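Nothing in this text is a laboratory measurement; each read-out follows from the coordinates by a stated rule. Quick caveat, the model's predicted, so the values are computed rather than measured. Ideal geometry is used to build each Cβ from the backbone, glycine not excepted, and the neighbour counts take in all protein chains shown.
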Amino acid sequence: MQDILDALNYTFSHAKIDSNRVYITGFSGGAMVTLIMVGKYPQIWAGAAAWVPVYDLAKWYQELRKSRYSYAVHIRNSCGGPPLEGSDSFLECQRRSVSSYLKKAYGKKVPVYIAAGINDNFVLPSHSIMAFNDLAEKEDRIALYDMAYIDKYRKIPDNLESSFQDSFFSDVGLPLLFERKSNTVVLKIFEGKHDIIFNAGLYWLSKQRK
């Protein structure tokens, strides 16, 4: 995080920058950092776009623990052991997670775009949904049972189904399945895996101003 702040300070010192159009975006782990930066430094950003972000490292550890991915080992090694609830390693995982920071940006009027692939087996869609809920109005938040349904069945539940269109997604063969907006946050769930659709996020960011 300090590297990002240092890069910003250097850029402002050496180039002509429009402070009303400073954006941050990232994919996967980079999306995790994007959302932490929004939570910690909301005053900087004119907009943020996070693709398939990790929301909670301890949750992610449990999801990956028996998978073919080695990231559970990385989390255990980085945080001082298995992040079992109440342990020091669990607290360390929380200290590094979006879940500890993003709520602080609620009401700060930072436009945030969050996108998840419904078939993502690496970072489950519920991570993106929980991030959306942190910034959304209470009546717009997505229920835990709907999150669990999406993670398990890789389908949008009947009570959330509707018709959603976004040419940025359909043009690359990954159609939009669900969209919800609340306050200044938007959630998009698309027919994809651990994917990023660059033009969709960049075009949206280009429209944002402080």
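The table below lists the values:
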item: Pair Ala7, Lys152: separation of 7 Å Cα→Cβ label points (nm); result: 4.0
item: Inter-probe distance in nm under a simple model that places probes 7 Å from Cα toward Cβ, at Asn199 and Ala15; result: 2.4
item: Three-way shape label, the range 46-133, alpha-carbon gyration tensor, a/c 1.5; result: oblate
item: Among Leu174, Leu84, Leu35: highest mean-square fluctuation, GNM of the chain, C-alpha pairs under 10 Å; result: Leu84
item: Radius ratio Rg over Rh of the chain, counting only Cα atoms, Kirkwood formula for Rh; result: 0.97
item: Farthest toward positive dipole pole in the chain [+1 Lys/Arg, -1 Asp/Glu at C-beta], among His194, His127, Leu5; result: Leu5
item: Net charge dipole size for the range 49-174 [Lys, Arg +1 and Asp, Glu -1 on Cβ; Debye, nearest 20]; result: 480
item: Cα-based reach from Lys66 at 18 Å (exclusive), listing lysines while leaving out same-chain residues under 8 positions away; result: Lys152
item: Helix-only mean residue ellipticity at 222 nm for the chain, each DSSP H run of n ≥ 4 adding -39500 (n - 2.57), per residue, nearest 500; result: -11500 deg cm²/dmol
item: Cα-based reach from Lys155 at 16 Å (exclusive), listing aspartates and glutamates while leaving out same-chain residues under 8 positions away; result: Asp120, Asp146, Glu179, Glu191
item: Residue (of Thr34, Tyr113, Phe169) at the positive-pole extreme of the chain, dipole from beta-carbon charges; result: Thr34
item: Across Lys16/Lys59; Lys16/Lys108; Lys188/Lys210, pairs whose alpha-carbon gap is larger than 30 Å; result: Lys16/Lys59
